[in-house]
Amino acid sequence: MIMKGKRGIVLGIANKKSIAYGIAKACKEQGAELAITYLNERFERKLKPIADELECGERFYPCDVSKPQEIKALKESLEKDFGKIDFLVHSIAFAPKEGLSGHFVDIPKEAFNVAMEISVYSFIELAQVLKPIMNQDASLLTLSYYGGVKYIPSYNLMGVAKAALEMSVKYMAEDLGRDGIRVNAISAGPIKTLAASGIDDFSFMLKWNAVNSPLRRNVTIQDVGNSGMYLLSDLSRSVTGEIHYVDSGFNIMGMPAIEFDENGKTEIAWKDC
Ligand code: NAP
């Protein structure tokens, strides 16, 4: 039981397809005690069965990260129910629709600010507010995507948000490392989730990644869950400031892959995408 004795909070479960659910489940299976959050009353009812399955008990709190008072209330609740925490999972992102299609240069300022606030600043703010209740060897984890490093069609505004998030991970790792607290990100390959359905041509992205990754397949929330659990556990106690790819190796490719037919002739692997 790798996570026995660890207590942590997971933000960003929308349903059983969420990456956060995959991470929470992997941690629970390894003995962690969990608290989870929901966005508002509408989601409270929807998420209650998941909170029960993860044996969160009363540790099932509202938290819309755009509301600073809800982050403060989250700290109070965690302190009351847990005392101190050992890990935090930030699996939250949002960009208005106009930021996820069309031309990047046309993005309105309001959309840009909203995406940055929800998808980037919330991770920094959670660390700021919850730091007094973090144990000395606590581990913080957020979720990124390759579109924060290289151009990906339609990922537009979220790409810029992920670039800022990845750099925040490094600056936070240095600051919090002084107190023994670690900060890492997983850059996950594409997975069909609620958030992903907001991205134009997402199904093409899925096919492209499967065909052009060294492992020739997409990743699952179980894959990301297990890697996330490692980064939250003491197995990774000297790992911080990392952007860890869980993407079937897609990020190492410099050109689209080719396949060979029975005569040894090359074929373009992506012709059926
Ligand atoms: P998801 O299941 O839709 O999770 C996104 C979560 O963000 C939802 O639980 C959503 O809550 C929450 N959220 C949005 N605005 C919020 C706010 N103001 N306050 C609190 N929570 C808020 O999708 P996911 O794919 O698992 O996304 C999780 C993370 O993984 C995101 O950072 C995403 O960018 C990243 N990621 C995803 C992929 C992928 O292909 N799916 C790949 C790499 C990285 P509600 O649903 O209740 O609004």
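The values are calculated or read from the model by the stated rules, or taken from the named source; none is laboratory data. Keep in mind the model is a prediction, meaning the values are calculated, not measured. When we count neighbours, we look across all protein chains shown, and the Cβ atoms used for this are built from the backbone with ideal geometry, even at glycine. The protein model used for the area step is the full one, side chains on, heavy atoms only, and it has no ligands, DNA or RNA in it. Shrake-Rupley method; radii C 1.70, N 1.55, O 1.52, S 1.80 Å.
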Roughly how many Å² is the accessible area per residue of the stretch 1-81, as a whole number, for a 1.4 Å probe?
-> 50 Å²
At 7 Å along the Cα-to-beta-carbon direction for both His103 and Trp270, put a label point, then send me their distance in nm to one decimal.
-> 2.4 nm
Would you please give the residues with an amide H less than 5 Å from that of Ile13, counting only those at least 5 places away or on a separate chain, with H modeled from the backbone geometry?
-> Thr37
Test item: Cα-centred dipole of the chain, Lys/Arg +1 and Asp/Glu -1 on Cβ, debye | 280 debye
DSSP-defined antiparallel bridges as percent of all bridges, the chain, nearest 5 | 10 percent
Hull surface over four for the Cα convex hull of the chain, reported in nm², is 15.5 nm²
For the stretch 65-71, in order, what is each residue's ³J(HN,Hα) by Karplus, 6.51 cos²θ - 1.76 cosθ + 1.60 with θ = phi - 60°, in whole Hz (x at glycine and Pro)?
-> 5, 7, 10, x, 5, 6, 6
Is the shape of the stretch 99-158 best called rounded, prolate or oblate, per the rule: a/c under 1.5 gives rounded, else a/b larger than b/c gives prolate, else oblate, with a ≥ b ≥ c the square roots of the Cα gyration tensor eigenvalues?
-> oblate
Taking placed amide H atoms and a strict 5 Å upper bound, the residues 5 or more places from Tyr245 or on another chain that come that close are Ser187
Sequence order, the stretch 121-138: Karplus ³J(HN,Hα) from phi using 6.51 cos²θ - 1.76 cosθ + 1.60, θ = phi - 60°, Hz rounded, Gly and Pro as x, gives 4, 4, 5, 5, 5, 4, 5, 4, 6, 8, 3, x, 10, 8, 5, 4, 9, 5
Protection proxy (average C-beta count within 10 Å per residue), highest first, orders 39-48, 243-252 as 243-252, 39-48
Shape call for the stretch 1-80, from the Cα gyration tensor axes a ≥ b ≥ c (a/c under 1.5 means rounded, otherwise prolate when a/b beats b/c, else oblate), comes out oblate
Whenever you get a sec, line up Thr266, Thr193, Thr240 from highest to lowest accessible area (probe 1.4 Å, protein heavy atoms).
-> Thr266, Thr240, Thr193
Mean accessible area per residue over the stretch 159-273 (1.4 angstrom probe, all protein chains present, square angstrom) is 53 Å²
Among Lys4/Lys46; Lys25/Lys46; Lys17/Lys271; Lys6/Lys162; Lys25/Lys75, which pairs are too far apart, with a Cα-Cα distance over 19 Å?
-> Lys4/Lys46; Lys17/Lys271; Lys6/Lys162; Lys25/Lys75
Please list Cys63, Cys273 in order of solvent-accessible area, largest first, computed with a 1.4 Å probe with all protein chains present.
-> Cys273, Cys63
Among Tyr61, Met172, Asn263 - extreme Cα towards positive end, dipole of the chain, charges at beta-carbon | Tyr61
Sulfur and carbon atoms: percent of accessible area, the chain [1.4 Å] = 54 percent
Evaluate the charge dipole of the stretch 1-158 about its Cα centre and quote only its size in Debye, nearest 20, assuming +1 on the Cβ of each Lys and Arg and -1 on the Cβ of each Asp and Glu.
-> 260 debye
